[in-house]
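The values are calculated or read from the model by the stated rules, or taken from the named source; none is laboratory data. Because the structure is a prediction, the values reported are computed rather than measured. Here the Cβ positions follow ideal geometry from the backbone for every residue, glycine too, while neighbour counts run over all protein chains shown. Heavy atoms of the whole protein, side chains included, go into the accessibility calculation; ligands, DNA and RNA do not. Shrake-Rupley method; radii C 1.70, N 1.55, O 1.52, S 1.80 Å.
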Amino acid sequence: MKDIIIALDGHSACGKSTLAKALARELKYVYIDSGAMYRAVTFYAMEEGLITEGEAIDRNLIIEHLSNINISFNYNSRTGKSETYLNGNNVEEIIRTIEVSRNVSEVSKIKEVREKLVEFQQRLGKNKAIVMDGRDIGTAVFPNAKLKLWITANNEIRVARRYKELLEKGYKVSLKDVEENVAQRDFEDSNRKESPLVKAEDAIVLDNSYLSKDKTLRKALEFAYEAMKK
Ligand code: CDP
């Protein structure tokens, strides 16, 4: 069986990362969360005052700062998970807040931000044996990936899952906040100029609205083993 690149794309909170992590674990592949990179850049910009609540994002300043932003992933042997680092600091949790979620789609529209992160993502995929999830993985980052999955689930289910996830992490958010954020990001991600969120023509649709995590994984694994033979 050949090592392949597995690209997962889809709207916010559709279960991409849950499936991508499980797939990587099962196949002994590396999992890369490309959304974490956009979130880390956004968090940096918020910390540096390049984005202030309710004000427009300073695109030019963010572009100027890009060379100061170093993102990496390090394996945590205690949790058994790979975690996101920004300039040497672990930001795995802090980049998942609703405040970061509110700004991330705007930052993700910036061409220079995308160029930097896509270049990094492509470098990470050089040796294949990788599962990467995001919005443009099968279209822009790895257009030749052997397996592309378009993950989807209905709106209510996506919102309910994200709400539960944030509450479990101890964040104080309302269902309405989450609903608004998911809708806003879906719209912005799908309608931006640079690499908008669209299903790659050759992606396989996997709707997990009514599938358990395990069933979803089994289905994806079938597709993966099939793709490895080609
Ligand atoms: O977890 P969730 O699906 O809500 O989002 P994420 O994967 O953490 O991505 C956060 C945001 O980063 C998205 O809403 C996009 O604006 C952006 N993103 C992107 O533009 N391209 C990617 N490949 C991944 C994420």
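The table for this structure:
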item	result
Which listed pairs, of K111/K213; K128/K164; K128/K213; K172/K219, have C-alpha distances above 32 Å, in listed order	K111/K213; K128/K164; K172/K219
Ranking by accessible area, most exposed first, for E83, E194, E165, E222 with a 1.4 Å probe	E222, E165, E194, E83
The chain: most fluctuating residue of N76, N208, N90 per GNM, C-alpha cutoff 10 Å	N76
Value at 222 nm in deg cm²/dmol, rounded to 500, when DSSP H runs of n ≥ 4 in the chain each add -39,500 (n - 2.57)	-14500 deg cm²/dmol
Anchor K230: aspartates and glutamates whose Cα lies under 19 Å away (excluding residues fewer than 8 positions away in-chain)	D3, E201, D202, E222
Cross-link partners of K176 among aspartates and glutamates (Cα-Cα below 12 Å; sequence separation of 8 or more within a chain)	E156
Nearest-ten-degree value, helix 98-107 long axis tilted from longest Cα axis of the chain	90 degrees
Region 5-229, accessible surface, carbon-and-sulfur percent (1.4 angstrom probe)	48 percent
Length-normalised contact order for the chain - Cα pairs under 8 Å, 6+ apart - percent	36 percent
Rounded to the nearest 10 Å², the accessible area of M46 at probe 1.4 Å	50 Å²
Region 1-30 and region 35-105: distance between their alpha carbon centers, rounded to Å	22 Å
Accessible area (Å², per residue) of the chain, counting only protein heavy atoms and a probe of 1.4 Å	52 Å²
For peptides 13-19, 213-219, 101-107, sequence by mean Cβ density within 10 Å, most packed first	13-19, 101-107, 213-219
